[in-house]
Structures are given as C-alpha cells and as structure tokens.
Amino acid sequence: MRFGINVPNFGPGTDPARLHDWCVRIEETGFHLIMMSDHVALTPEVQRLFPAPFYDPLTTLAWLAGITRTVELGTTVLILPYRHPLQTARVTATLDQISGGRLVLGVAAGWAPQEFAALGLPYAQRGELMDEYLEALLLLWTRDVASYEGRHVRFRDVHTAPRPVRQPPPVWVGGHSTAALRRAVQHGTAWHPTSMTIEDLATGARRLRTVAGKQGRPVPALAPRIKLRITDAPLPAHSRLAGEGSLDQIHTDLVRLNELDVDQVVLDTSFPGVPLDEATHWKTLRTVTEQLVDLGRQTLR
C-alpha cells in the first residue's frame, strides 16, 4: 500500500508558510501523496465544517508543484459540478504538465445546497452534471480537438493542448451511493470513499465488484481516505471508523485494508469543525511513520 496525507487547506492558522512547511515535511518523510479539499463559496453550512480562510486546492497545488519534486498532488475531493469542464480540463492539464505528471484528481458531486445556490447551480441535478462533466473532462484530456453534446454542457472543436502527461491522469471518484460506484467503474481509476468503518469498506468493495461485473468493466482500485486518530485505550468496535483507536486497532485496520487489496490510503488528521492542533497532527504522523507504516510494510508485503 501507498500512503498519502490530507493537508488541511482551510481554517484559522492556515497560510502559505504553513502549507509550504507541511508539504515539504510530508515529501521528506516519504509519503506518496498530498491531497487537499475543495469549496468555492463558504456559505454558513460550509463554514461550520470548513472555516475560512479556505485556499483554493488547484491554485495551491500548482504552487506546490514548483516546491516539491516527487510526491503526487491531488484533490480529496474536487466538487466537479462547481466548474465548467473546459475550465477544469485546462487547469488540471496545466497542473499535471508543470508537476511532471503528478496529478491525482479526486472528484465528487457535492453535498452543500447553499453552496450550489450561491453559485447558481441546480443542487438536485448535481448527479447529472457530474456524469456529463466527467465524460467531457476525459475527452478534453485525451484528444487534441474535442467536441461534446450533452444536456448541461456542449462544445465543438475545442483545441485542448497542453494535454496531461498521463492521459488521462488518475481519477478517484468519491461518494458512497450506487451512483458513485457506477461513476467510479465508468470513469474512474479508483473508488475514493471517506470516513467509513472497515466493514462498510468491505461491503462497498463487494458492491463495486458487482457493478463492474454488470458493466463488463475492470474493477477500479480502492483508495479510501481514513480518519487517523490514535487513542490511549481501544475504542468500541461498533462505533469505530477505520483509522481510529489504539495502535493495535489501527494496525489491524492496515492489515484488513491490505486484505481488501487497497492500493492507496489517504490519512486525515483533521476533523471538520474542530480546530487543528498542529502538535497532535505531527505527533500522530510521526507515530504512524515510525510504528505503523514500517510495521505495515513488513507485515503486509
């Protein structure tokens, strides 16, 4: 398994200096992937969970592409309906080019009705927008001249250069619904669920295989984002998310993830609505690096 870190690009105390420091330290430590969240309009429902200041992920990752050298750079997740696919294709292809092919684009349909309203977008049709935008994006990434005709978006004879280094870049599709699993199979290289129990992940993996079988398509990789929280005492099994609990419980989670053939794991030490404690964050990551990641590699390989 490969390990990534969800870097909080929002909240009090977040600024370019901290983002720079975190990402350099993450790359130097040997993690494989840096990921960031996405919001555009910090309406009250968004602000409660993702408070200002909120740094745009694509702009920030483009800046970090010039600071880092080997670590992959991604979104967990870009809310795809918020941006026209022509804009998303242009920005992401540029980001992939300037980073030397290090973009991983995690995407989802969104969850905040107030934010959709602020942007003048139909919340009830976000699934339809997601489907069309994914189709259009993949065309724009892989053709020199692209055309698309859909219900919500249409364009003809659009020249696309520069195209991404990887055509297409990895697309991780988030969400837990049947529609999200279908999109992961049709358009994604990985299914990217977040904040689930191990048993729910196992159930989702079985559902993903079923959907892929019905469509006659390959099964996407599993790339979950898990909440990383180390506790002194074990947590009750019935209420514990993957990545939470004692070191023994988290190590057991890594073993189970490996048994599920998980390809990459994104570790997340931030909790929406809770002020970030940097000292606890780095202590947790050091513990994972020194005790869990190395032990996991020896045990899981």
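A few notes on this one:
- Computed [θ] at 222 nm, deg cm²/dmol, the chain (DSSP H ≥ 4; -39,500 (n - 2.57); rounded to nearest 500): -12500 deg cm²/dmol
- Folded to 0 to 90 degrees: helix 85-98 orientation relative to the chain principal axis, Cα: 60 degrees
- Placing +1 on the Cβ of every Lys and Arg and -1 on the Cβ of every Asp and Glu, with nothing else charged, gives the range 69-197 a dipole about its Cα centre of roughly 180 debye.
- Nearest 10 degrees, 0 to 90: helix 126-142 Cα axis against the chain principal axis: 80 degrees
- Around the Cα centre of the chain, unit charges on the Cβ atoms of Lys, Arg, Asp and Glu (plus for the first two, minus for the last two) sum to a dipole of about 740 debye.
- Antiparallel bridge percentage (DSSP; both residues within the chain; nearest 5): 15 percent
- DSSP-defined beta bridges in the range 1-137 - what % are antiparallel, rounded to 5: 10 percent
- Ordering of 134-140, 169-175, 280-286 by packing [mean C-beta count within 10 Å, highest first]: 169-175, 134-140, 280-286
- Of VAL211, LEU33, GLY4, farthest towards positive along the dipole that unit charges on Lys, Arg, Asp, Glu beta carbons give the range 2-300: VAL211
- Length-normalised contact order for the range 2-300 - Cα pairs under 8 Å, 6+ apart - percent: 16 percent
- Point-to-point label distance, ALA52-THR70, nm (Cα→Cβ direction, 7 Å offset): 4.0 nm
- Restricting the range 114-212 to trypsin sites (Lys or Arg not before Pro) that sit in a DSSP loop and have at most 13 other Cβ atoms within 10 Å of their own Cβ leaves ARG151.
- Spin-label model distance (nm) - GLN97 vs THR231, 7 Å beyond Cα toward Cβ: 5.0 nm
- Residue-span extension gain [THR29 to ARG207] - 0.36 nm each, minus C-alpha spacing: 60.6 nm
- Between the Cα long axis of helix 278-287 and the first principal axis of the chain there is an angle of about 70°, rounded to the nearest 10.
Read the figures in this text as sums done on the coordinates, not as results from a lab. Predicted model only: the values in this text are computed from it and were never measured. Every residue, glycine among them, receives a Cβ derived from its backbone with ideal geometry; neighbour counts consider all protein chains shown.
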